[in-house]
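**Student:** Sharing a structure, written as structure tokens. Questions coming.
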Amino acid sequence: MNLKEKIKTIIVDKPLKLDCGQIINNFPLAYETYGSLNAKKDNAILVCHALTGDQFVTGLNPITKKDGWWSYAVGPNKSIDTNKYFVICANVIGGCMGSFGPGHINQETQKIYGTDFPVITINDIVNAQVNLLDHFEIKKLFSVVGGSMGGMQVLQFVSNFPEKAKTAVPIACTPSHSAQNIAFNELGRQAITADNNWSDGKYSSTKSTPDKGLAVARMAAHITYLSKKGLQEKFGRKLQERDDLKFGFDADFQIESYLRYQGSVFVDRFDANSYLYITRAMDYFDLVKQFDGNLSNAFKNSKTKFFIMSFTSDWLYPTQENKEIVIALNAVGADVAFVEIVSDKGHDSFLLNVPDFLKTLKNFLDKSYVE
Amino acid sequence: MKPEYKIISDIVDENSRVLDVGCDDGTLMEFLKKNKNVDIRGIEISKEKVQACISKGLTVIEGNAEFDLKQFPNKSFDYVVLGQTLQAFINPEAVIRELLRVGKKAIVTIPNFGHWKVRLNLLIKGTMPMTKTLPHEWYNTPNIHMCTIKDFFKFSQKINFKIFKSLALINENVSNINNSNLLTKNLFSELGIFLIEKSNEN
């Protein structure tokens, strides 16, 4: 199949015990790499993607034919300079870009897993992708970097494997998913499961899929990625290709049209069941609880050099939650830098052209690399 | 580079752990790293300056010393440096207590409000003094709690910390301050530099 050829995959034969208790083995883990690994194998950066991301970090995504999700930050001479560094990104398990997920065929039933797929956690995701380090025979990453859910993976990664990363850059994330964020994720899941096409998750990709539900989930989530000010400045009350209100329920306003468009393009590239599973993994993420209420214990004796960034207008993963990580790290004397970047682009700031962010990330990595 | 950086570097032990509170663009941090091979961290309120520090490879967190020192454990640093910012805090007393909790020792520098030019400025002109070290107008100065070298000595008794070393900076020359020369040093020093430690009694 053409699609399969474009996706690189390793088969993980080592059994992986999931947090839910199930054991999985011989499962596929899809990945992509950029740049080249040097002889000393000390220039590798593991990039962890967010909820709806995938392994195609930069350049043209061969499946969607669109730019990779972190094209602003990753590439030759960019913040994560692929002339210098070997960038690895895995599609998370539970995802829909080649890694073991709910869209895969269950060998026992010969049907797609759907909701028979085990519930996975950020911990499971990280424990799966660490196999890529073995695959490339990398003992220690130069850095592990990610924003949002990617940042959660960064935290879990350094907690699970304190010796495997020289530096760590969790961006716009949290040590513990908040009630508000669980609420938004639940809204998205309810939109999907309320779509008749969802059929208890047993829809097949060749037949009708729950596109309407998934689009609504995406629309609601998309609002949370932006800021009120950013929306107001970009759209205000501008009308969509019309001179006046139409007194109906078409998209009169540009913001409505924009959201509908975001929803419609999303369903072409994302699987509804994956959306359920990955949002669940985020909701279950609570590194504080994992360490019995003391986040500092997650990073005890850590030699990793941390750099944490948040954004002024991010109300989904606000600065205060990012600072909790900084505080926990300082409490155990870890090496941690922190800055809040001024941006009115909301949570999405880390994905967009925010020069202060891109410049500071680049400087941190390049300086840490020569040290 | 500010002249007192060399003096601070002379005070700090090699390979020690240092926290620079209000580390500005990281000039002192870089200097101490190079000269004394210290393990140094910084805290700075200005985002631009934090970004500048990080771009130099320095470990700095954005924060306000008045509220954000509490995240550091007791005696987690050998030295905590506070350069010319004590006068800008809402509660200098609380800040000094925090410095002495977080650091085994603290190095505090203060622009001396007792300097003769400051005194003369007010006496002759009858307006709030403006000098090289105090360049702001009264209405836009960040310095809300100015003090003199003599005040700092009194302060040490009031909140009970020990002054190990007190140095005066006059035209880039350093000299010791003691009880017998305090009045003259308080008149001629532009800057006071103090190495302090928590008294055993508290």
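The values are calculated or read from the model by the stated rules, or taken from the named source; none is laboratory data. Keep in mind that what you see is a predicted model, and the values were worked out from it rather than measured. Cβ sites come from the backbone with ideal geometry, for glycine too, and all protein chains shown count toward neighbours. Just the protein is used for accessible areas: all its heavy atoms, side chains included, with ligands, DNA and RNA removed. Shrake-Rupley method; radii C 1.70, N 1.55, O 1.52, S 1.80 Å.
**Student:** For the range A:229-286, what are the residues that are of a type in the set (Phe, Trp, Tyr) and over 27 Å from A:ASN61 (Cβ atoms)?
**Tutor:** Hits for the range A:229-286 are A:PHE247, A:PHE249, A:PHE253, A:TYR284.
**Student:** Scan the range A:64-76 and tell me whether some residue there is touching an Asp or Glu at 6+ places or on another chain (Cβ under 8 Å), modelled with pLDDT under 95 and either crowded, with 23+ Cβ neighbours inside 10 Å or not basic (Lys, Arg) (or both).
**Tutor:** Taking every residue of the range A:64-76 in turn, at least one turns out to be touching an Asp or Glu at 6+ places or on another chain (Cβ under 8 Å), modelled with pLDDT under 95 and either crowded, with 23+ Cβ neighbours inside 10 Å or not basic (Lys, Arg) (or both).
Condition check ((1) part of a loop (DSSP other than H, G, I, E, B); (2) under 30 Å from A:THR360 (Cβ atoms); (3) open to solvent by less than 10 Å² (accessible area, probe 1.4 Å); (4) within 14 Å of another protein chain (Cβ to nearest Cβ)) across all residues:
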{"residue": "A:GLY248", "(1), (2), (3), (4)": "yes, no, no, no"}
{"residue": "A:SER257", "(1), (2), (3), (4)": "no, no, no, no"}
{"residue": "A:ARG260", "(1), (2), (3), (4)": "no, no, no, no"}
{"residue": "A:ASP268", "(1), (2), (3), (4)": "no, no, no, no"}
{"residue": "A:LEU276", "(1), (2), (3), (4)": "no, no, no, no"}
{"residue": "A:ALA281", "(1), (2), (3), (4)": "no, yes, yes, no"}
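**Student:** Which condition number in (1) over 19 Å from A:GLU32 (Cα atoms); (2) not assigned by TED's automatic domain parsing to the domain that holds A:ALA217 is the one that A:ASN197 fails?
**Tutor:** (2)
**Student:** Of the conditions (1) in contact with a helix residue (DSSP H, G or I) (Cβ under 9 Å, 6 or more places away or on another chain); (2) open to solvent by 20 Å² or more (accessible area, probe 1.4 Å), A:ASP243 clears all except one; give me its number.
**Tutor:** For A:ASP243, the exception is condition (1).
**Student:** Would you point out the residue of the range A:318-366, among those that are more than 12 Å from chain B (Cβ to nearest Cβ) and in contact with a Gly (Cβ under 8 Å, 6 or more places away or on another chain), that is most open to solvent (accessible area, probe 1.4 Å)?
**Tutor:** A:LYS345
**Student:** If a residue has to be assigned to a loop (DSSP other than H, G, I, E, B) and within 12 Å of the chain's Cα centre (by Cα) to count, how many in the range A:43-55 make the cut?
**Tutor:** Looking only at that region, the number is 7.
**Student:** Could you say which residue among B:LYS165, B:LYS117, B:LYS198, B:LYS150 is out of contact with any Ser or Thr (no Cβ under 7 Å at 6 or more places or on another chain), open to solvent by 30 Å² or more (accessible area, probe 1.4 Å) and closer than 24 Å to B:MET1 by Cβ?
**Tutor:** Values: B:LYS117 fails: out of contact with any Ser or Thr (no Cβ under 7 Å at 6 or more places or on another chain); B:LYS198 fails: closer than 24 Å to B:MET1 by Cβ; B:LYS150 fails: closer than 24 Å to B:MET1 by Cβ.
Within the list B:LYS165, B:LYS117, B:LYS198, B:LYS150, the selection yields B:LYS165.
**Student:** Quick check on my filter: what residues within the range B:53-64 are facing another protein chain (nearest Cβ under 9 Å) and either part of a loop (DSSP other than H, G, I, E, B) or within 14 Å of B:GLY22 (Cβ to Cβ) (or both)? Give the steps one after another, and end with the answer.
**Tutor:** Start the filter on the range B:53-64 by keeping residues that are facing another protein chain (nearest Cβ under 9 Å), which leaves B:53-63.
Across the range B:53-64, the qualifying residues are B:CYS53, B:LYS56, B:GLY57, B:LEU58, B:VAL60, B:ILE61, B:GLU62, B:GLY63.
**Student:** Could I ask something else about it? For the condition modelled with pLDDT of 95 or more, farther than 16 Å from A:PHE364 by Cβ and surrounded by fewer than 16 Cβ atoms within 10 Å (Cβ to Cβ), what is the one hit in B:LYS33, B:LYS75?
**Tutor:** Numbers: B:LYS33 fails: surrounded by fewer than 16 Cβ atoms within 10 Å (Cβ to Cβ).
On inspection, the qualifying residue turns out to be B:LYS75.
**Student:** Restricting to the range A:10-35, and then to whatever is in contact with a Phe, Trp or Tyr (Cβ under 6 Å, 6 or more places away or on another chain) and within 19 Å of A:PRO76 (Cα to Cα), can you tell me which residue is surrounded by the most Cβ atoms within 10 Å (Cβ to Cβ)?
**Tutor:** A:GLU32
**Student:** Which of the residues belonging to the range A:192-240 are charged (D, E, K, R) and either buried (at least 16 other Cβ atoms within 10 Å of the Cβ) or within 30 Å of A:THR312 (Cβ to Cβ) (or both)?
**Tutor:** A:ASP195, A:ASP211, A:LYS212, A:ARG218, A:LYS228, A:LYS229, A:GLU233, A:LYS234, A:ARG237, A:LYS238, listed by residue number.
**Student:** Oh, and also: Checking the conditions here, which among B:VAL12, B:VAL18, B:VAL38 is more than 14 Å from chain A (Cβ to nearest Cβ) and either in contact with a helix residue (DSSP H, G or I) (Cβ under 8 Å, 6 or more places away or on another chain) or without any contact (Cβ under 8 Å) to a residue 40 or more places away in the chain (or both)? Explain how you work it out, then say what you get.
**Tutor:** Working: B:VAL18 fails: more than 14 Å from chain A (Cβ to nearest Cβ); B:VAL38 fails: more than 14 Å from chain A (Cβ to nearest Cβ).
Every option except B:VAL12 fails the conditions.
**Student:** From the list A:ILE138, A:ILE120, A:ILE125, pick out the single residue that is in a helix (DSSP H, G or I), in the same structural domain as A:LEU351 (by TED's automatic domain parsing) and open to solvent by less than 20 Å² (accessible area, probe 1.4 Å). Give the derivation first.
**Tutor:** Details: A:ILE138 fails: in a helix (DSSP H, G or I); A:ILE120 fails: in a helix (DSSP H, G or I).
Going through A:ILE138, A:ILE120, A:ILE125 in turn, the sole match is A:ILE125.
**Student:** Do you know which of the residues in the range B:68-98 that are within 24 Å of B:LEU134 (Cα to Cα) and part of a helix (DSSP H, G or I) is farthest from the other protein chains (Cβ to nearest Cβ)?
**Tutor:** Only one residue tops the list, namely B:GLN87.
**Student:** Can I ask one more? In contact with a Cys (Cβ under 7 Å, 6 or more places away or on another chain), touching a residue at least 24 places away in the same chain (Cβ under 8 Å) and crowded, with 20+ Cβ neighbours inside 10 Å: does that describe A:TYR85?
**Tutor:** The answer is no for A:TYR85.
**Student:** Considering only the range A:159-171, I want to know if a residue exists there that is part of a helix (DSSP H, G or I), in the same structural domain as A:ASN322 (by TED's automatic domain parsing) and closer than 30 Å to A:LYS362 by Cα.
**Tutor:** Looking through the range A:159-171, at least one residue is part of a helix (DSSP H, G or I), in the same structural domain as A:ASN322 (by TED's automatic domain parsing) and closer than 30 Å to A:LYS362 by Cα.
**Student:** Within the range A:118-139, is even one residue in contact with a helix residue (DSSP H, G or I) (Cβ under 9 Å, 6 or more places away or on another chain) and aromatic (Phe, Trp, Tyr)?
**Tutor:** No: the range A:118-139 contains no residue that is in contact with a helix residue (DSSP H, G or I) (Cβ under 9 Å, 6 or more places away or on another chain) and aromatic (Phe, Trp, Tyr).
Residue-wise test of (1) hydroxyl-bearing (Ser, Thr, Tyr); (2) assigned to a loop (DSSP other than H, G, I, E, B); (3) farther than 28 Å from A:LYS140 by Cα.
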position	(1), (2), (3)
A:PHE307	no, no, no
A:TYR317	yes, yes, yes
A:ILE325	no, no, no
A:ALA328	no, no, no
A:VAL336	no, no, no
A:VAL339	no, no, no
A:ASP344	no, yes, yes
A:HIS347	no, no, yes
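**Student:** Condition (residue is touching a Ser or Thr at 6+ places or on another chain (Cβ under 6 Å), under 18 Å from B:ILE54 (Cα atoms), open to solvent by 30 Å² or more (accessible area, probe 1.4 Å) and within 11 Å of chain B (Cβ to nearest Cβ)) applied to the range A:285-306: is it met by at least one residue?
**Tutor:** no
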